Amino acid sequence: MSKPTISFEFFPPKTDEGLEKLLVVQQKLQAKNPKFFSVTYGAGGSTRERTWKTVEAVKAAGVDTAPHLSCVGQSREELTELINEYKAAGIKRIVTLRGDLPSGMGADQSDLRYADDLVKLIRDVSGDHFHLEVAAYPEMHPQARSFSDDIDHFKRKIDAGADSGITQYFYNAESYAYYMNELEKRGVTAPVYPGIMPVTNYTNLVRFSDACGADIPRWVRKKLEELQNDDASLKAFGEEVVTRLCERLLAMGAPGLHFYTMNQAAANLNVVENLGL
Ligand code: FAD
């Protein structure tokens, strides 16, 4: 089996000072030889310029850097223009998403409805130029009609031309095993990289997890609640939980790990070091 890969995700900072700080974080993470960095994209194109600026700055250090691109709230023309710009700039990889609708905007204002439509558009516009990652949900996307439907939709994205998946973060390793098994039954062999969210803050994690449908196991939630005012102990506990989760995922055959860094170095580096990656 080949050595597991790691990749790190950033969000685009709002200011130039923020970007300078991020580049310091990037340098620390780059020491771990990531396969790529990625930079998120605000739905409706709200961070179009900042995502692009951050991708260019991060990419300058020589590691493959992937913009995320979501199709919701944008026209086919706008998306085509951006795909062509990325290709011309030497970008080789795109994390290809639907995104979430900004409040007040209906799905019918978007030319493309789902991520598989965007995968098709990118393939139409640029052939095989890009490696396309798509989102996977081992605990089910919150808007899916059913779990089986959601897994079928992941297959649809691969059938449309996507190369691999990155999951929403989760803390139940068994959900990944089940998901991979279901994909295998459907004949999907594309690699799916678990998305890993380090635990560094109780309130933010609970708020974020409730919004995106990620389950925090009761015992972890209770322990984090208990430690919420003891930063060092909470981080140590979070590091242990996440390290064990990653160990299990790699033992199950996960091809690598994708870290939702939250633009922080330490919590991600500690886990990578614990794993000996
Ligand atoms: P899709 O794959 O299109 O699925 C969306 C929903 O529609 C699912 O419930 C699916 O089951 C259902 N569905 C799909 N196809 C059909 C169909 N044909 N008929 C009926 N139902 C269908 N958000 C951002 O705004 N910016 C980012 O940069 C970003 N990065 C992300 C990175 C990763 C790795 C992940 C996992 C998520 C990311 N997100 C990001 C969040 C993501 O945009 C949301 O989860 C969004 O709600 C769904 O996007 P998707 O690409 O999974 O959509």
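Brief remarks on what is shown
- Between the residues T261, W52, G276, the greatest Cα displacement towards the positive end of the dipole of the chain, with unit charges on the Cβ of Lys, Arg, Asp and Glu, is found for G276.
- Paired Rg and Dmax values of the chain, which use every Cα atom, in angstrom: 18.2, 52
- The Rg/Rh ratio of segment 167-277, with both radii computed over alpha carbons and Rh defined as the Kirkwood radius, is 0.98.
- Remark: segment 211-259 carries a charge dipole of roughly 200 debye about the Cα centre, counting +1 on each Lys and Arg Cβ and -1 on each Asp and Glu Cβ.
- P(r) histogram, all alpha-carbon pairs of segment 1-138 included - 5 Å bins from 0, percent: 2, 10, 20, 22, 20, 14, 9, 3, 1, 0
- Start at zero, step by 10 Å, and the Cα-Cα distances of segment 101-171 spread as 19, 44, 33, 4 percent across the bins.
- In the chain, helices alone account for a calculated mean residue ellipticity at 222 nm of -15000 deg cm²/dmol, with every DSSP H run of four or more residues adding -39,500 (n - 2.57).
- Mean Kyte hydropathy of 1.6 or more with a Cα span along the axis of at least 20 Å, helices from DSSP in the chain: none
- The length gained on full extension between A61 and D215, counted as 0.36 nm times the residue separation minus their Cα-Cα distance, comes to 51.9 nm.
- Cross-link pairs K14/K120; K157/K185; K92/K185; K32/K53; K3/K35 - those with Cα-Cα distance over 20 Å: K14/K120; K92/K185; K32/K53
- Rg/Rg_globular for segment 222-272, with Rg_globular taken as 2.2 N^0.38 Å and Rg from C-alpha atoms: 1.25
Computed from the coordinates by the stated procedures, all read-outs in this text should not be read as laboratory data. Keep in mind that this is a model prediction, so the values were computed, not measured. Please note: Cβ atoms are built from the backbone with ideal geometry, for glycine as well, and neighbour counts cover all protein chains shown.
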